[in-house]
Structure formats: C-alpha cells, structure tokens
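No value in this document is a laboratory result; all are computed from the given coordinates. Keep in mind that what you see is a predicted model, and the values were worked out from it rather than measured. Backbone-built Cβ (ideal geometry, glycine too); neighbour counts: all protein chains shown.
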Amino acid sequence: MTEHAVLSASSAHRWLTCPPLPRLERFFENQTSEVANEGTVAHSLAEHKLRKLLGQKTRKPKSKFIDKDMEQYTDDYVNYIHELLQTIRQTTKDPIVLIEQRLDFSNYVPDGFGIGDCLIIADKTLYITDLKYGRGVGVSAENNPQMMLYALGALNLFDALYDIEEVSMTIFQPRKYNISSEVKSVKELKKWAESELKDKAELAFNGEGIVTYGPWCQFSSCKAVLRARKDYHDKLTRFQLSSPHLLTDAEIEEVLQHVDDLVKWVVDVKEYATKVALETDKTWSKFKLVEGKSNRKFNDEEKVAEIALANGYTDIFRKNLITLTDMERMMGKEVFNTLLGKHVTKPKGKVTLVPKTDSRKELVVHNVKQEFNVMEENNNEQ
C-alpha cells in the first residue's frame, strides 16, 4: 500500500493557508481521477526515460494512457534534464543525479515527506526539478511551498555532505509550455521553515486553526460541505438580487467575484448529497432519489440491421469522421500539424466576463451606438 503523509508537500498551499483542512479531509473519500492516473503514468514513463538516459536498469511502463503526446511531452522533460546536466558538467565534473528520491522534512513538518522527481547536486547548488503533467493551470515556482519543502528535505539529506549554498527549484509543465524557476539561498529556506512553516504545520497536524475559504480549497475532498464556503457566499444576502439595477457598480462586481464558485458549490453540494444517499442509509427530509430520464436504444444492433435490410430499408448506416482531438491523438501533434494543420480552423469563443487577473487578452468591444452617434454628428455638421 502506498504511504501517504497527512501533511503532503503537494497540498502544502492548502494546509499552510487553512491548517484544519487535512484533518477534516480524513472524513471524506479522496477519489482518484482519470487525470490523476494519467499524471502518475506520465511520471513513471518520465522516470523510465531518465534512468535510461543515465544508463540505469529500467523497464518501460505499460498503460492505456501512453500515447504519442505523452511520449513527446516526457521526451521534452528528459531533454530539459539532459541539457541542464550538460550545462552543469561544464563547471562540475561529476554531479550527482537522483531520480524519484524520497525527501524527509519531518524536522519541520510532523511525519512530512515527499518524492522529488529529479535532484542534481553540483558543488554549491542543489537543483530540484518537478514534472507537472497537468494542463489546467500554469504553476509557478516562485515561493512555491511544495518546492520549498522538497528543498528542505533534500538539504536534510545532503547539507552535511556537501557545501550547498543555494537551491534552484524548477517546475516543468510541458502541456502548458511552462518552465518556471526560482533560486533561494539555504539561509532563506531555513528562515522560512523556522519563522512560518513550523508553527503552521503543527496547527495543521493537530487539526487546529481557522478554516478560511479560497482558491486553496479547490481540490479539497470536503469542499462541498465546508461551512466557511457557505459563510463566504452568505455575504451576498445583504444585496437585493431581484434586479441588478438596484445595485451599484461596486456591488455588481462583488457579486461577480462569487458567481463562478457559487455555481460550482451548488453542483458540489448536490453531488455530495446524492453520493451519500446512494452509498449509505442516509435519507434527506425534503429530497429523494429517483430514476433520471434516459433515451431508448437498440439492444442488438446487428439483429436490428438484419431485420431492417430484409424489409427493404437500406439507408440505415451512418459514417462520420472521428473528432479532431481523436485524430490528433492518433497521428501525434507533429504529424497532425504537418498533414492537416492548414485544414484546421478555430472559431472565436463566446465572449465572457472574467476577473482582471485572468491571463487572457482583454477584448476591445466596438460600441456601435456611440459610433453611430459620431457619424450622425458629422453628417449634421456638413
């Protein structure tokens, strides 16, 4: 059975901001998603390729998730490590390379440990590279607590053996075309550990502290029933939402800040309540389980075709082109772009309102009414 730390490095951004979360999450099943399984396979494939590069004995993993894209993305990761090694070897004769190294930082975080994807020790610098296969959100290495915990764990292993002065931490996220790095001195890392990390880790391990709701709860297994989430949205009750014309611009913007998560929360709560009713003896006083709508379907398509043809109905088959995504996955990105790139078009997406912090370029919307008024004024002047 795989060992899991209560305070894992990967969830550090959660428990450092909201210490009680890890203990609360223990009451909820943490289901593994297909996306997480895909990421695990990508790490195994990348590990295999790195070991092969270093001349170590290894066996390629087998999985339904391994396709041309994953092969390419893991190749990109290995090429990055190879180029980094080549650069390091120009100044360091024999750098030490460790792959999938267990890193213990329990002197700062109770029972704390994590797994470093690739560590390179070169004279006074320790290099840590973390592969992130997700393509949802770009992850920055700047003040990243997961990377800083890995750094502290690595220093516990090697600080006494090598004269390490700084740690270079890199997040390699190939599907987002994101390579983010930050260098911190050993003094900076240990100061953070003593002044901030230790106390918050102690609170989190004991399930103490204040539950605050925010983006750090996005992947929490108990996000559906967090009272702090309800309290966060309760702020809206002071508004009369029956008509947006009754609100000031500032109030409308405050409502907009809640909208996306409010919609997600409603879905999360309903999914949770349904799951509990299905899997336990729990009944809700004002709600019940019913069978949803379904569509009719043939139970034996071959027999149906045989009968239809026998009765003179011949136009019964339909052949469609596979989807663009399936075609790209089958060919691989490079071949797909070479053969079909010029035949691909991407229509403009539906205009939507998002926070200013969104990374997408802002649209300049043409004010037709204003332009019409200007034209009318010009005509009157003539």
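Assorted remarks:
- Pair E301, N143: separation of 7 Å Cα→Cβ label points (nm): 5.5 nm
- Contact order, relative form, for the chain: 18 percent (alpha carbon pairs under 8 Å, 6 or more residues apart, mean separation divided by residue count).
- Centroid-to-centroid, using Cα positions, region 101-173 and region 50-71 are 23 Å apart.
- Filter on K49/K124; K223/K275; K132/K350 - keep pairs with C-alpha separation over 19 Å: K49/K124; K132/K350
- In terms of surrounding Cβ atoms within a 10 Å radius of their Cβ, M330, M147, M169 rank from fewest to most as M330, M169, M147.
- Residue (of I120, G207, I322) at the positive-pole extreme of the chain, dipole from beta-carbon charges: I322
- Here the spin labels are modelled as points 7 Å beyond Cα on the Cα-Cβ line, and at T314 and A277 they lie 5.2 nm apart.
- Loop-resident sites, region 167-203, for chymotrypsin sites (Phe, Trp or Tyr not before Pro), counting at most 12 other Cβ within 10 Å (DSSP): Y177
- Of the chymotrypsin sites (Phe, Trp or Tyr not before Pro) found in region 19-68, those in coil by DSSP whose Cβ has at most 15 other Cβ atoms within 10 Å are F27, F28.
- Remark: the chain carries a charge dipole of roughly 980 debye about the Cα centre, counting +1 on each Lys and Arg Cβ and -1 on each Asp and Glu Cβ.
- Comparing V6, W192, V290 along the charge dipole axis of the chain, the residue lying farthest to the positive side is V290, per the Cβ-charge model.
- When you work out D = kT/(6 pi eta Rh) for the chain at 20 °C and 1.002 mPa s, using the Kirkwood radius from C-alpha pairs as Rh and the Stokes-Einstein form, the result is 82 µm²/s.
- Residues considered: A228, A42, A308. Largest GNM mean-square fluctuation over the chain, using C-alpha springs under 10 Å, is found at A308.
- About the Cα centre, charge dipole magnitude for region 12-215 (Lys/Arg +1, Asp/Glu -1 at Cβ), debye: 580 debye
- Charge tally in the Cβ shell below 11 Å around Y162, where Lys, Arg are +1 and Asp, Glu are -1, Y162 excluded: -3
- Potential lengthening between F27 and D249 on full extension [0.36 nm per residue; Cα-Cα distance subtracted]: 75.8 nm
- Multiplying the residue separation of R59 and E196 by 0.36 nm and subtracting their alpha-carbon distance yields 45.1 nm.
- In plain terms, the residue of E100, E253, E29 with the fewest other Cβ atoms within 10 Å comes first and the most crowded comes last, giving E29, E253, E100.
- Low-density loop cleavage sites - chymotrypsin sites (Phe, Trp or Tyr not before Pro) in region 250-314, where at most 14 other Cβ are within 10 Å (DSSP): F298, Y313
- Think of it as helices only: each DSSP H run of n ≥ 4 in the chain is worth -39500 (n - 2.57), and spread over all residues that comes to -13000 deg cm²/dmol at 222 nm.
- Using the Cβ-Cβ distance between I179 and K293 with R0 set to 45 Å, the FRET efficiency works out to roughly 0.40.
- Residues in region 102-124 reached by a label modelled at L203 [backbone nitrogen below 16 Å; 7 Å Cα→Cβ]: 109-110
- Phi angles across region 197-212 convert, under the Karplus curve 6.51 cos²θ - 1.76 cosθ + 1.60 with θ = phi - 60°, into 3J(HN,Hα) values of 4, 4, 5, 5, 5, 5, 4, 5, 5, 8, x, 10, x, 9, 7, 10 Hz, Gly and Pro given as x.
- Pair N107, Q72: separation of 7 Å Cα→Cβ label points (nm): 4.5 nm
- Signed unit charges on C-beta, dipole axis of region 222-279, positive-most listed residue A277, C222, L236: A277
- The chain: angle of helix 368-381 to the longest principal axis, Cα-based, in degrees nearest 10: 70 degrees
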